[in-house]
């Protein structure tokens with residue numbers, strides 16, 4: 001016979017699990033609503049025009065593909081404890097495939113390091129239907145449209161900032177934030193109201209309930225010149241794993 005105290009515990013477990021399921025459903029719904037808003041955003045005429053032109057006037061190697069050509073929402077695990085913040089979609093990467101860090105060299109580095117450290121189901125991210133999924137990670141960016149020459153304007157950063165802010169509110173489980181590049185780090189500092197902190201690759205520090213980790217962006221400019229080596233890149237996510245394991 002089950003003791004009364006155990007019956008109470010079992011009921012509490014069921015209630016806790018039901019609440020958890022409800023919480024996840026509501027979180028998913030909030031993310032879906034936000035992502036739908038991002039996809040239909042036209043706040044920045046310069047960027048809207050640029051991504052439409054790129055989608056229409058394709059480069060030769062992708063001439064037979066249908067480009068996404070719209071702003072990109074974040075993606076990943078809604079229960080994520082690790083948040084990656086990038087700069088902006090690549091013109092022929094995310095702007096083509098419809099998913100951040102997908103279909104370009106930066107995406108190759110991101111997918112492989114996440115897979116190697118247990119944060120992804122596959123070591124490559126090539127297209128929306130490739131079966132690549134994130135585990136305990138959510139990926140976002142400071143700007144949601146591919147900018148000309150990869151250089152967004154200040155007002156374009158400002159227009160996108162509210163989306164980053166909303167994501168952090170929804171993603172209540174985030175404990176570690178990895179900033180990919182100085183611009184992502186500056187946006188993170190603005191988001192969390194961090195004062196007087198400089199970007200340095202490999203730097204990590206605690207601010208309120210979050211652990212912030214800085215990394216060079218895995219752009220070709222950084223990886224092909226040796227500024228960002230694989231060993232140093234992997235160390236960022238080894239550290240993230242260690243921090244999460246302690247929690």
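The values are calculated or read from the model by the stated rules, or taken from the named source; none is laboratory data. These figures come from a predicted structure and were not determined experimentally. Here Cβ is always computed from backbone atoms with ideal geometry, including for glycine, and neighbour counts include all displayed protein chains.
Here is a yes/no grid of residues against (1) in a loop (DSSP other than H, G, I, E, B); (2) over 16 Å from the mean Cα position of the chain (by Cα); (3) farther than 15 Å from residue 140 by Cβ:
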{"residue": "184", "(1), (2), (3)": "no, no, no"}
{"residue": "194", "(1), (2), (3)": "yes, yes, yes"}
{"residue": "212", "(1), (2), (3)": "no, no, no"}
{"residue": "218", "(1), (2), (3)": "yes, no, yes"}
{"residue": "226", "(1), (2), (3)": "yes, yes, yes"}
{"residue": "231", "(1), (2), (3)": "no, yes, yes"}
{"residue": "238", "(1), (2), (3)": "no, yes, yes"}
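(1) out of contact with any strand residue (DSSP E or B) (no Cβ under 7 Å at 6 or more places or on another chain); (2) part of a loop (DSSP other than H, G, I, E, B); (3) without any contact (Cβ under 8 Å) to a residue 60 or more places away in the chain: which one isn't true of residue 118, the others all being true?
Status for residue 118: all satisfied but (3).
Of 42, 49, 112, which residue is surrounded by fewer than 16 Cβ atoms within 10 Å (Cβ to Cβ), modelled with pLDDT of 95 or more, farther than 15 Å from residue 128 by Cα and in contact with a helix residue (DSSP H, G or I) (Cβ under 9 Å, 6 or more places away or on another chain)?
42
Return the only residue of 185, 157, 205 being over 21 Å from residue 107 (Cβ atoms), surrounded by 15 or more Cβ atoms within 10 Å (Cβ to Cβ) and at pLDDT 95 or above. Explain how you work it out, then say what you get.
Values: 185 fails: over 21 Å from residue 107 (Cβ atoms); 205 fails: surrounded by 15 or more Cβ atoms within 10 Å (Cβ to Cβ).
Checking each option against the conditions leaves just 157.
Taking the condition under 21 Å from residue 151 (Cβ atoms), under 16 Å from the mean Cα position of the chain (by Cα) and at pLDDT 95 or above, does residue 199 pass?
The answer is no for residue 199.
When you look at residue 23, is it at pLDDT below 95 and at negative phi, yes or no?
Here the answer is yes, as residue 23 does meet what is asked.
Taking residue 171 as the residue in question, decide whether it is surrounded by 18 or more Cβ atoms within 10 Å (Cβ to Cβ), touching a strand residue (DSSP E or B) at 6+ places or on another chain (Cβ under 9 Å) and under 17 Å from residue 211 (Cα atoms). Give the derivation first.
Values: surrounded by 18 or more Cβ atoms within 10 Å (Cβ to Cβ): yes; touching a strand residue (DSSP E or B) at 6+ places or on another chain (Cβ under 9 Å): yes; under 17 Å from residue 211 (Cα atoms): yes.
It is true that residue 171 is surrounded by 18 or more Cβ atoms within 10 Å (Cβ to Cβ), touching a strand residue (DSSP E or B) at 6+ places or on another chain (Cβ under 9 Å) and under 17 Å from residue 211 (Cα atoms).
Condition check ((1) outside any loop (DSSP other than H, G, I, E, B); (2) more than 26 Å from residue 55 (Cα to Cα)) across all residues:
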{"residue": "152", "(1), (2)": "no, no"}
{"residue": "160", "(1), (2)": "yes, no"}
{"residue": "174", "(1), (2)": "no, yes"}
{"residue": "187", "(1), (2)": "yes, yes"}
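How about the stretch 128-150: which of its residues are over 16 Å from the mean Cα position of the chain (by Cα) and assigned to a loop (DSSP other than H, G, I, E, B)?
Matches in the stretch 128-150: 129, 130, 131, 147.
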